[in-house]
Ligand code: HEC
Ligand code: HEC
Ligand code: HEC
């Protein structure tokens, strides 16, 4: 019997037809392929059975799918992936689950990337005169020589106040689909307007910033060059545009992981490759995917009193939801989570497995995944890390 089954399974793999009347064919296909996505679409979208089950549960929970038998989800997912993925994964490695990081993120039409703008944006990023106290710059909290963050639990801003949240890195931030832990800004331009004005961060006003910059002739010249053709180029909007342009150059496509994705088989150690498989198999990839390992979506992470996305939308469904953070350079941006409450990366990985996937990882597994995440550390372009010479006031 066993032999018979394995032969028919083998035939099923070769011909793409199921060996026995499967859960998928007898239950799921009543809707899927007709009023819901077909199996091919689901396999391509979710890539692992864990991720597919998770999505099915989510869809049922939010009443999108009028069917909620978790056992059936698990059986069907197992069938789908034993046919398609296990065959593939023996021959191929797990590279195909990931997306390499391009050298530059998408550049918006209304803020093209020019050397003049990037040069100005870099100066503004480093210039503490953009803060009320003239003590705090973007680089204070997003220090480009230590991973683009501040290595603090939560950031210290204006008047030595501690804000409520941990500073994420600005490195590769141009690839994020939404900005901030709760996604309250969509673009880097919109994002930059936040900290300049936030009381616990730089506590300035657009008027104050523009007045200060206009008193510095070299800045006025640089704005003219960066925004040619504009009559009065020293504006708050252009400040945010120049900073955003600079941020779009802070990319790390030279990490071992990215080199591996681009074809260098030896860029990862064997431990890192094992960690990569675990990352896929356990379903981390369901949320941490795409070029910076973030789906740009909001997922529940009930951790403390912070209501996350709910504060932005006031939709009760969004309580305790946070945007999936990117994982590039995560090994050098401790502490972790939106409140910076966890210092060790291994601990953060175990918490994720438990809270997001319902799985207990062994210490060895967590160590392998950590090794894998370490391969995502790259170097910020030297040009961005060399401190600029800031112009003097007249
Ligand atoms: C009675 C109809 C019906 C049955 C039976 C059904 N589904 Fe669904 N399923 C849906 C609908 C409708 C959606 C929502 C599609 C959407 O949001 O676009 C959905 C969503 C899903 C999703 C999430 C898709 C996504 O893109 O997020 C998965 C995964 C899924 N179903 C798997 C299964 C599996 C596995 C089975 C069988 C065990 C199954 N479904 C049975 C109707 C059904
Ligand atoms: C006092 C510290 C502080 C300063 C100064 C500061 N930031 Fe931040 N930054 C933070 C914190 C904390 C967050 C997360 C806040 C949240 O999500 O609620 C953040 C979020 C961000 C993000 C979003 C990244 C992501 O993963 O969502 C970007 C981009 C960013 N800051 C850029 C800047 C720029 C540009 C400046 C200067 C104009 C700046 N920051 C000044 C602390 C700071
Ligand atoms: C259901 C979606 C989902 C899954 C599955 C998931 N994560 Fe996460 N991950 C998130 C979200 C959302 C956060 C942000 C949590 C918060 O609010 O601090 C996060 C945070 C993290 C962080 C902290 C990053 C930082 O900068 O603070 C790490 C590390 C991480 N995840 C790794 C993993 C690993 C490894 C797995 C698999 C074992 C995994 N995640 C599975 C959604 C997910």
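Descriptive notes on the structure:
- Qualifying residue in segment 257-264 (condition: within 16 Å of ligand 2 (Cβ to nearest atom) and in contact (Cβ under 8 Å) with a residue 24 or more places away in the chain): no
- Only helices (runs of 4 or more DSSP H) whose full extent lies in segment 296-394 are considered here, and the ones with at least 1 residues that are without any contact (Cβ under 8 Å) to a residue 24 or more places away in the chain and either assigned by TED's automatic domain parsing to the domain that holds residue 62 or buried (at least 19 other Cβ atoms within 10 Å of the Cβ) (or both) are 345-357, 363-374.
- Number of the exception - residue 204 against (1) exposed (fewer than 15 other Cβ atoms within 10 Å of the Cβ); (2) more than 16 Å from ligand 3 (Cβ to nearest atom); (3) modelled with pLDDT under 95: (1)
- Test result for residue 244, touching a strand residue (DSSP E or B) at 6+ places or on another chain (Cβ under 8 Å), within 28 Å of residue 383 (Cα to Cα), touching a residue at least 12 places away in the same chain (Cβ under 8 Å) and crowded, with 22+ Cβ neighbours inside 10 Å: no
- Scanning segment 214-241 for residues that are over 18 Å from residue 111 (Cβ atoms) and either in a helix (DSSP H, G or I) or touching a strand residue (DSSP E or B) at 6+ places or on another chain (Cβ under 8 Å) (or both) yields a count of 6.
- Search result, residues across segment 156-167 that are within 15 Å of ligand 3 (Cβ to nearest atom) and surrounded by 21 or more Cβ atoms within 10 Å (Cβ to Cβ): 166, 167
Conditions tested, residue by residue: (1) exposed (fewer than 12 other Cβ atoms within 10 Å of the Cβ); (2) modelled with pLDDT of 85 or more; (3) within 11 Å of ligand 1 (Cβ to nearest atom); (4) more than 30 Å from residue 175 (Cβ to Cβ).
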site	(1), (2), (3), (4)
3	yes, no, no, yes
14	yes, no, no, yes
55	no, yes, yes, no
67	no, yes, yes, yes
72	no, yes, yes, yes
85	no, no, no, no
110	yes, yes, no, no
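- Evaluating residue 273 against the criteria (1) buried (at least 21 other Cβ atoms within 10 Å of the Cβ); (2) within 16 Å of ligand 3 (Cβ to nearest atom); (3) modelled with pLDDT under 95 leaves one unmet condition, (1).
- Among the residues making up segment 149-181, those that are in a loop (DSSP other than H, G, I, E, B) and more than 19 Å from residue 342 (Cβ to Cβ) are 157, 161, 170, 171, 172, 176, 177, 178, 180.
The values are calculated or read from the model by the stated rules, or taken from the named source; none is laboratory data. Values in this document were obtained by computation on a predicted structure and should not be read as measured data. Cβ sites come from the backbone with ideal geometry, for glycine too, and all protein chains shown count toward neighbours.
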